[in-house]
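Comments concern the structure below.
Every number here is computed from the coordinates shown, using simple stated rules; none is lab data. Just so we're clear, the structure is a prediction, and the values are computed from it rather than from any experiment. Here the Cβ positions follow ideal geometry from the backbone for every residue, glycine too, while neighbour counts run over all protein chains shown.
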Amino acid sequence: MMAAFSPAVLARRAAVPRKYVPVLVTACLFAAMFAAGGVRYEGFVTGQVVLNVFIDNAFLLVVAVGMTFVILTGGIDLSVGSVVALSTMISASLLAGGSWPAPAVMVLVLAIGTVLGLAMGAIIHYFEIQPFIVTLAGMFLARGLCYTIGTESISITDPTFTALAQTRIDLFAEMWISPSVLIGLVVVLAAAYVLHYTRLGRNVYAVGGGEQSALLMGLPVARTKIAVYGISGFCSALGGLLLSFYMLSGYGLHAVGMELDAIAAVVIGGTLLTGGSGYLLGTVLGVLVLGLIQTIISFEGTLSSWWTKIFIGLLLFAFILLQRLISGRSK
Amino acid sequence: MAQPAPIVRMRGIGKQFPGVVALDGVDFRLLPGEVHALMGENGAGKSTLIKVLTGVYGIDAGSIELEGRPVAFSGPLEAQRAGISTVYQEVNLCTNLSVAENVFIGREPRRLGRIRWREMRRRAAALMARLEIDVDVTAPLSSYSLAVQQMVAIARAVDVDAKVLILDEPTSSLDAGEVAQLFRIMRRLKGEGIAILFVSHFLDQVYEIADRMTVLRNGRLVGEYRTAELPQVELVAKMIGRELADLERLEERPPAREGAPLLEARELGRAGAIEPFTLTIRRGEVVGLAGLLGSGRTEAARLLFGADRAGTGTLTVDGRQVALRTPRAAVRHKIAFCSENRRAEGLIPGLTVRENLILALQAARGWTRPLSRRRQEELVGRYVAALNIRPADPDQLIENLSGGNQQKVMLARWLILQPRLLILDEPTRGIDVGAKAEIQRLVAELSDDGMAVLFISAELEEVLRLSHRVGVLRDRRLVAALDNDDELTTEALMETIASGGRA
Amino acid sequence: MTGTVPLARRITGHRLFWPAVVLAGLLLLNLALTDGFFSVEIKDGHLYGSLVDIARFGAPLILVALGMTLVIATGGIDLSVGSVVAISGALACLSISGLEDQNSVTGVLTAVGLALGLALVLGAWNGMLVAVAGIQPIVATLILMVAGRGLAQLITDGQIITINSAPYKLIGGGYWLTLPFGVLIAALLLALTAFLTRRLALGLLIEAVGGNAEAGRLSGVNARGLLITVYAFCALCAGIAGLMISSNVSSADGNNAGLWIELDAILAVVIGGTALTGGRFSLGGTILGALIIQTLTTTIYTIGVPPETTLLFKALVVTVVCLLQSPAFRARAFHRRRRPAATPAPADEKVEVRA
């Protein structure tokens, strides 16, 4: 049939790998940065350096996973950093009170994060207010709640939390990870499964591709949109717990600006901010790249911390331009 | 032949909106295994009737029965579950997903909650094969043309056990080959016993595919007819309810023009859009561009206006070579372009009629030289009156106007600039017959006053009626430029399109 | 239209009605709590009073929100204004701290010129990314939002630069003709913006680009130039706000100056009734929005709630105002009977600004 040779069909055949290009580029970038670090610093090219990136950024990884869901629907969640802080604050204050056992605290924190997310999702959907504004209000709310609990840092001495903070899970060749990394990886795998193999996941992509279309196709748009904010809220709360393990304290000023890191990781991972296109693997790579920048700067020693921000900005610029080129070519 | 029982029967349907009676006592029935056309001018109540049937609107009076049982759907979804699927003019699918997903999303084959991708692709491929749609079901939908996307939408609609399929202007952006493919699918579905409700502005298509038709006018039922028993002229008379004098007065051909060339395109082209073409437009001349959709008509016009940049060739205006890199540059040379896509490329929603009207003039002057309020009112008043724009309230929001009146506002936006060349891309598509006649008359008048017009239309009759010369496009190439003399007929044009001008 | 009901509805339906009610409510609450809240007096030739303070402390936010209004009206957003605030203050203070005589007027003017020049360049950079490279505004300005903080800290070398310059102090902390100088600057810029947009035709062209970018381009609007101008103007406003903030405290803090001011500014614009999707904008609404945010902060101080909880109230006000402005919410809350018709809107909600 003639149609088989039409330009559209030919263009499509050539375009099949295009959707993987951003992820591939991020992977290459990570490898290149790792190699460059290896050339420049002694003792850089070890498995433990990579694992340390995971250990130091497990909470960011979990938060970024939630953010990926939201961004895939074409939304955004600015509240994640504040919800992380709120989670550390609630954990620390309840544990300091002494009457709450650690598991109950964890469940409560996760529930609060999820409910907060669901509530924001419901407002976004039912009252048709932009996610940017609603989650901004959520951000203020969560931060404000932190300060109502207390304005000082509260340290955590609960045995369960300290155990989770200090346990080393030994791998081969003297390499190790923390329980948080394990939790983070489980979250990543579960999320990838949900996105690829469940209706919820496919609906997330469909809503990101066109909300009106999804509605007319009979998809549960309301449920999907509310669910992604719920997922993001859950992930933020979980990220908050992981941060409590990492810092062993609760503080209203924890995770200031983490929403930016999470968004940056998702974008560097190749997910389009307009929604509908992107992969969780990209987000993982994005977090790793961000983490590696910090590692390199700490290896450099003389570089000041603000260079991190400048580098992240430059990377964002490069990746955004790359995405622009790729989507521009496909037109 | 004994008629089967109607699958859909609507009786005495009444629907009011604030200030408007949209439907008044309309009866309608749809038989299984037929293609039924719903005919009427814009505002006749076609889309309201469809929306009432699919539960988008509730009804104020009357009853709706599906297979003999009274129904009242709360929305399109419920209607779909009951077997009434709708495919709209704008394809409402998710182009970022694969073809297979677009067919099955929301009802994917699953095992223990896990989507069975292989099974889904297999079933999608089988469905596409059954409907003879040649696509790779794993490719993203965005990689296919609008026509294929539309067929995928139909495939999705019929795969959910549809008994009734509503096609709301499915052909308005398809070319002839694609329409043929669509009709083949429609016939196949009809053969399977599905009732198809078909809305189209193209009379020829209606006569080709529809078995029966229901005609509406001003929200009232005019009648139900067998297509074979109702001549086209009578149908048009029933739709517009008045004599065709307005249209027929233009039937005489315009005399040829011998003015100086205003604009000359030499080997102007753009890769992937239009092959290099050469075209001259004289002062006061109406040049028609005929060709199927996708033949490069719009693409050629966009190059002449600088909406896209030309890759090759030169353009001269008044004998001087110019480079039109942006629409701004074209406007500076007094070239105007009224896009076929009114909503996406013309209207500024949220702004008033007045603001929409003066936009091009204000943009040409730049923001540092504002038009005084008095001058604005004078200009707007003049053009609202001259083009008979209704309602004649310049401070009305543009989205509150009907399609025909919006189109007139778009025209007025450019006429204010007093262009020397006016490019009109499908100016009469999707508007009612009255507004259509007014716009055609306006084009003739403008050309009499010395304005050159490039007139693009899918309706060959319209092109012939208005143009002094006709450029014919096919497969992104300008294949012929013909003088509009007595020899030139719609048949001759169609032959040129079909043969590519080789004959 | 006769009778009182349509008139009442016309008033409650006015886009500035709810923001005005909220502001009035907040002010009245203050009046109830604090005696003489509305009183304004002249001391040492300066205007004093709570209302004056609201205007004075609100001036930087008003400035940033003004620029933000125009950006949002084009369908864009500028996340980088907070960073520009920090950069501009940092550069001005750095330049003044290097002066032999910190009170030299020419020296201060040079510093101000440098800072505002850099702000313009940064704004133009944002505009180029949006208009020329065709990057989504939220992403394009995210770059400078992240990198700009680093840049500001780079300028101050991570320290807080303290200066002692009387002429510079005037910008944010001084008075002129009994009025706070900052308020005068804000008023002047408001007048300028209103003149450019409503007297001249900048407003119409901005709304055309924001309402339908492609239609604007095809109508011959020079969208590219327009966008670059608007983003540069927004950064300029942010730059002036940065000078004001750093002048008020006579120091520059690259890390914290203008932190989250972009969010407050966006809030002010949205509270003022300009939609984030672009198109129609309202400068008056933005001013109301900024004043609401500032009054809220003041209120919290006067009623003696711990200042840390300001954020809670902010969240509350944002939610209330946005809900009141949401047609969907109003339909549900006020006319519960009337179900809004679910019209299948066109599916092209993603309008990309293409270069």
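Observations, loosely collected:
- Inter-part distance where the range C:255-284 and the range B:47-71 are each reduced to a Cα centre, Å: 45 Å
- Sequence-distant residues sharing a close amide H with A:GLY269 (under 5 Å, placed H): A:GLY286
- Neighbourhood net charge (14 Å Cβ-Cβ; Lys/Arg +1, Asp/Glu -1) for B:ALA61: 0
- log₁₀ of I(q)/I(0) at q = 0.10, 0.12 Å⁻¹ - chain B, Debye sum with one point per alpha carbon: -0.88, -1.21
- Helix B:353-365 axis versus longest C-alpha principal axis of chain B: approximately 40°, rounded to the nearest ten.
- Pairs with C-alpha atoms separated by more than 31 Å, drawn from the list B:LYS238/B:LYS408; A:LYS225/B:LYS408; A:LYS19/B:LYS190; B:LYS163/B:LYS408; B:LYS51/C:LYS314; A:LYS19/A:LYS309, are A:LYS225/B:LYS408; A:LYS19/B:LYS190; B:LYS163/B:LYS408; B:LYS51/C:LYS314.
- Restriction of the trypsin sites (Lys or Arg not before Pro) in the range B:116-222 to DSSP coil positions whose beta-carbon has at most 15 other beta-carbons within 10 angstrom yields B:ARG116.
- Amide H contacts under 5 Å for B:GLY25: B:ILE13, B:GLY14, B:LYS15, restricted to partners 5 or more places along the chain or on a different chain, H placed in the peptide plane at 1.01 Å from N.
- Net +/- balance of residues flanking B:SER200 in space, Cβ distance below 11 Å, scoring K and R +1, D and E -1: -3
- Inter-chain neighbour count for C:114-126: the average number of beta-carbon atoms from partner chains within 10 Å of each residue's beta-carbon is 0.
- Residues of type aspartates and glutamates that B:LYS46 reaches as a straight line, Cα spacing below 17 Å, ignoring anything fewer than 8 places off in the same chain: B:ASP24, B:ASP27, B:ASP60, B:GLU90, B:ASP168, B:GLU169, B:GLU224, B:ASP432
- B:ALA37 long-range amide H proximity, modeled H, under 5 Å: B:PHE198, B:ASP211, B:ARG212, B:MET213, B:THR214
- Protection-proxy order for peptides A:39-49, B:80-90, each taking the mean of Cβ atoms within 10 Å per residue, highest first: B:80-90, A:39-49
- Percent antiparallel among DSSP beta bridges (both partners in the protein assembly as shown, rounded to 5): 65 percent
- For A:GLY313, net neighbour charge (Lys/Arg +1, Asp/Glu -1) across residues whose Cβ lies under 13 Å away: +1
- The range C:201-248 and the range B:323-355: distance between their alpha carbon centers, rounded to Å: 20 Å
- Mean partner shielding of peptide C:130-137, defined as the number of other chain Cβ atoms within 10 Å of each residue Cβ, is 3.
- Restricting attention to chain B, close to 55% of DSSP beta bridges with both partner residues there are antiparallel.
- Chain B: angle of helix B:373-386 to the longest principal axis, Cα-based, in degrees nearest 10: 70 degrees
- Backbone geometry of the range C:91-103 corresponds, through the Karplus equation with coefficients 6.51, -1.76 and 1.60 at θ = phi - 60°, to 3J(HN,Hα) couplings of 5, 4, 5, 4, 5, 6, 5, x, 6, 6, 10, 5, 8 Hz, x marking Gly and Pro.
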